[in-house]
Amino acid sequence: MIALGTVALAVVLSTSGDAYVEGPPPAATGGFGEETCAQCHFDGPVNDPAGSLILSGIPEDGYVPAREYRIDILLSRQGLRRVGFELAARFAEGPDAGAQAGSMAAIDGSVDVVRSDTNSIQYARQNLSGSMPASNDSMIWSIQWQAPAAGSGPILLHVAANAANDDASELGDWIYATEARIPER
């Protein structure tokens, strides 16, 4: 029994911590029934008030079909040592609710965009260089989002992020999640 417990603990430890410095697995945004980073980093409450996750560059008056927008993801928490995020853009309602909305592209070398084999959704996420914060209290990632064609309706952006302590464990990390609804203009 002790040997089995030791093996289980080894498996948990080997799949946590630094396992996702090159990007989380697809479908960890918290949207449309997905888990967030809290599925693997579960020490504190999601959206602890000592930090924040903000999306900027969202067109407040609605998106213009086929137009490109720069979306910035800002994660803040004092003392963070390693960071990560994942973002998806999906149709909010109608027959395509939950399906990919528009397309995303990386702007710089800190972000990768991958497509899930299971649901064909694009996920923007940090890569190895994007897991090292610019300061001890914040990190900004940027993506280019091209809005879908006319008549698509409202879009939901879901993002989850990890403000980690870089101790190679699932403990002591802080998870943040948010969403933005963007109507069509």
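The values are calculated or read from the model by the stated rules, or taken from the named source; none is laboratory data. Just so you know, these numbers come straight off a predicted model, no measurement behind them. As a convention, Cβ positions derive from the backbone with ideal geometry for all residues, glycine included, and neighbour counts pool all protein chains shown. For the accessible areas, the whole protein counts, side chains as well, though only heavy atoms, and no ligand, DNA or RNA atoms are used. Shrake-Rupley method; radii C 1.70, N 1.55, O 1.52, S 1.80 Å.
Listed residues I182, I155; which is among the β-branched types (V, I, T), open to solvent by less than 30 Å² (accessible area, probe 1.4 Å) and over 17 Å from the mean Cα position of the chain (by Cα)?
Values: I155 fails: over 17 Å from the mean Cα position of the chain (by Cα).
Matching residue, one of I182, I155: I182.
Within region 68-89, restricting attention to residues that are out of contact with any Gly (no Cβ under 7 Å at 6 or more places or on another chain) and open to solvent by 20 Å² or more (accessible area, probe 1.4 Å), the residue that is farthest from C40 (Cα to Cα) is E68. Being modelled with pLDDT under 95, open to solvent by 50 Å² or more (accessible area, probe 1.4 Å), more than 14 Å from V159 (Cα to Cα) and within 16 Å of the chain's Cα centre (by Cα) is a condition met by at least one residue of region 22-40. Taking residues in region 64-78 that are free of Cβ contacts under 8 Å to residues at least 60 places away in the same chain, and partners anywhere that are open to solvent by 30 Å² or more (accessible area, probe 1.4 Å) and in a loop (DSSP other than H, G, I, E, B), the pairs with Cβ atoms closer than 8 Å and at least 6 places apart or on different chains are Q78/A50; Q78/N136; Q78/D137.
Only residues that are part of a strand (DSSP E or B) and open to solvent by less than 40 Å² (accessible area, probe 1.4 Å) were counted in region 53-67, giving 3. When region 121-139 is limited to residues that are hydrophobic (A, V, I, L, M, F, W, C) and surrounded by fewer than 17 Cβ atoms within 10 Å (Cβ to Cβ), the one that is modelled with the lowest pLDDT turns out to be A134. Here the condition is being out of contact with any Asp or Glu (no Cβ under 6 Å at 6 or more places or on another chain), among the charged types (D, E, K, R), touching a residue at least 12 places away in the same chain (Cβ under 8 Å) and not in a loop (DSSP other than H, G, I, E, B); of D112, D108, it holds for D112 alone.
With respect to G109, determine if the residue is at positive phi and modelled with pLDDT of 95 or more. Quick ask: steps written out before the conclusion?
On the way: at positive phi: no; modelled with pLDDT of 95 or more: yes.
In short, no.
Residue count for region 63-79, restricted to those that are closer than 17 Å to G51 by Cα and not polar (S, T, N, Q): 6.
Please go through region 163-185 and pick out each residue that is part of a strand (DSSP E or B) and either touching a Leu at 6+ places or on another chain (Cβ under 8 Å) or farther than 16 Å from G51 by Cβ (or both). Matches in region 163-185: A163, A164, W174, Y176, A177, T178, E179, A180, R181, I182, E184.
Tell me which residues, restricted to region 90-105, are outside any loop (DSSP other than H, G, I, E, B) and either surrounded by fewer than 17 Cβ atoms within 10 Å (Cβ to Cβ) or β-branched (V, I, T) (or both). Reasoning before the result, please.
Start the filter on region 90-105 by keeping residues that are outside any loop (DSSP other than H, G, I, E, B), which leaves 90-91, 100, 103-105.
Across region 90-105, the qualifying residues are S103, A105.
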